[in-house]
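Input: one structure, supplied below.
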Amino acid sequence: MDKFLNTLKEIGQEFVQNTGLSIVRTIAFVILGIIVIKIVQSIARATTLRSKLDNSASTFIVSCVTVFLYIILIIVMMGSLGFSTAGIVAAFSAVALAVALALKDSLASLANGVIIIFTKPFKKGDYVEINGIDGLVQDIRLFNTKILTYDNVEVIIPNNEILGSKMINYSAMPLRRVVIDVPLPYSVDTENVKKIMTDCAASYDYVVQMPAASVILKDFGDSSLSFSVRAWTPNDKYWDVLYGLREALFNTLRDNGITIPFNQLEVTLLNDKFNIASVGKALSYSDDACGRGNKEGNEE
């Protein structure tokens, strides 16, 4: 019995001096590491907020710092337990390589999402057009971007398709130009109608005075002159001005006795009798030919 107790005592002493000490040290490292990670998270979050980064960028930075610190904590913890840190690093590298190969498309979207967040080609609330899809940016995520079209359809676009395609940001500038083409008869006085439409555009709501509104003679159409009305407005009022000003121009022109022409076709007969006779003979010949053709077809 004494021999058994001595054996247990020796095992206990060896455990305390070796394995037990490693476990206690590891637990201390874990507790201390978690506390340090929380402190670093708070510092990183406060720093990103002071730098006025987007919420997406701030969250991404804090997440990256957190993951990096936890990886270091796991390596330290395994080393404290007596495992080879070189083997652990090699295992992490192998796992990371396998994940990267399996998720290469997702990682491409992630990389492009990081670029979008930090370079800011557009931001939440901007009116953009991407791959022929236009709408308001609702959310910029790490893997995709959510756009809400004007007919209330939600479109999710992967970030790796955004930077590799043509993108238009209509909200990048504070002012936007409204262009309205107006066809008018050839008989109008060009200077007079230009003054009428310029005054109408300049006095319309939300049209700014600088740059000033202008009207130019744009083109000579088949049955009308094409005038182009150009006015500048704040970006958020673009659609109101585009449709409202078009109606205001129509009413102003009508009040001044100027009508917008429609396509017309004029036909002039040089010799009525000759043309009528020719048409009659042609129709008669056509009927005879059709009759003979039908008769021959029936005989066959």
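The values are calculated or read from the model by the stated rules, or taken from the named source; none is laboratory data. Since the structure is predicted, the reported quantities are computational estimates derived from the model, not experimental observations. Every residue, glycine among them, receives a Cβ derived from its backbone with ideal geometry; neighbour counts consider all protein chains shown.
Taking the condition of being basic (Lys, Arg) and under 20 Å from residue 254 (Cβ atoms), how many residues in the range 183-239 meet it? Walk me through it before giving the result.
Step one: filter the range 183-239 for residues basic (Lys, Arg), giving 194-195, 218, 230, 237.
Applying the additional criterion that residues be under 20 Å from residue 254 (Cβ atoms) yields 194-195.
Here the count works out to 2.
With modelled with pLDDT under 80 and under 45 Å from the mean Cα position of the chain (by Cα) as the only criterion, which of 63, 42, 84 stands out?
Working: 42 fails: modelled with pLDDT under 80; 84 fails: under 45 Å from the mean Cα position of the chain (by Cα).
The conditions single out 63.
Now a separate question. State all residues of the range 191-223 that are aliphatic (A, V, I, L, M), under 16 Å from residue 234 (Cβ atoms) and in contact (Cβ under 8 Å) with a residue 24 or more places away in the chain; if no residue qualifies, say none.
Let us first name the residues in the range 191-223 that are aliphatic (A, V, I, L, M), namely 193, 196-197, 201-202, 207-208, 210, 212-213, 215-217.
Those still in the list that are under 16 Å from residue 234 (Cβ atoms) too: 201-202, 207-208, 210, 212-213.
Residues satisfying the conditions are 201, 202, 207, 208.
A quick yes/no check of all residues on (1) over 16 Å from residue 199 (Cβ atoms); (2) at pLDDT 50 or above; (3) touching a Leu at 6+ places or on another chain (Cβ under 9 Å):
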| residue | (1), (2), (3) |
| --- | --- |
| 220 | yes, yes, no |
| 237 | yes, yes, no |
| 248 | no, yes, no |
| 252 | no, yes, no |
| 269 | yes, yes, no |
| 280 | yes, yes, no |
| 294 | yes, no, no |
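Scanning for something surrounded by 14 or more Cβ atoms within 10 Å (Cβ to Cβ), within 11 Å of residue 178 (Cβ to Cβ) and out of contact with any helix residue (DSSP H, G or I) (no Cβ under 7 Å at 6 or more places or on another chain), does the range 246-267 turn up at least one residue?
yes
Please list, ordered by first then second residue, the pairs with beta carbon atoms under 7 Å, 6 or more apart or interchain, first in the range 230-248 and in contact (Cβ under 8 Å) with a residue 12 or more places away in the chain, second among the aliphatic types (A, V, I, L, M) and in a helix (DSSP H, G or I).
What qualifies is 231/201; 231/241; 231/245; 233/241; 245/201.
Quick one: which of 148, 136, 163, 175 is surrounded by 12 or more Cβ atoms within 10 Å (Cβ to Cβ), in contact with a Pro (Cβ under 9 Å, 6 or more places away or on another chain), at negative phi and at pLDDT 90 or above?
Values: 148 fails: in contact with a Pro (Cβ under 9 Å, 6 or more places away or on another chain); 136 fails: in contact with a Pro (Cβ under 9 Å, 6 or more places away or on another chain); 163 fails: at pLDDT 90 or above.
Matching residue, one of 148, 136, 163, 175: 175.
In the list 68, 4, which residue meets the criterion of being assigned to a helix (DSSP H, G or I) and modelled with pLDDT of 65 or more?
Checking each option against the conditions leaves just 68.
Failed condition for residue 56, given (1) in contact with a strand residue (DSSP E or B) (Cβ under 8 Å, 6 or more places away or on another chain); (2) at pLDDT 80 or above, with all others met?
(2)
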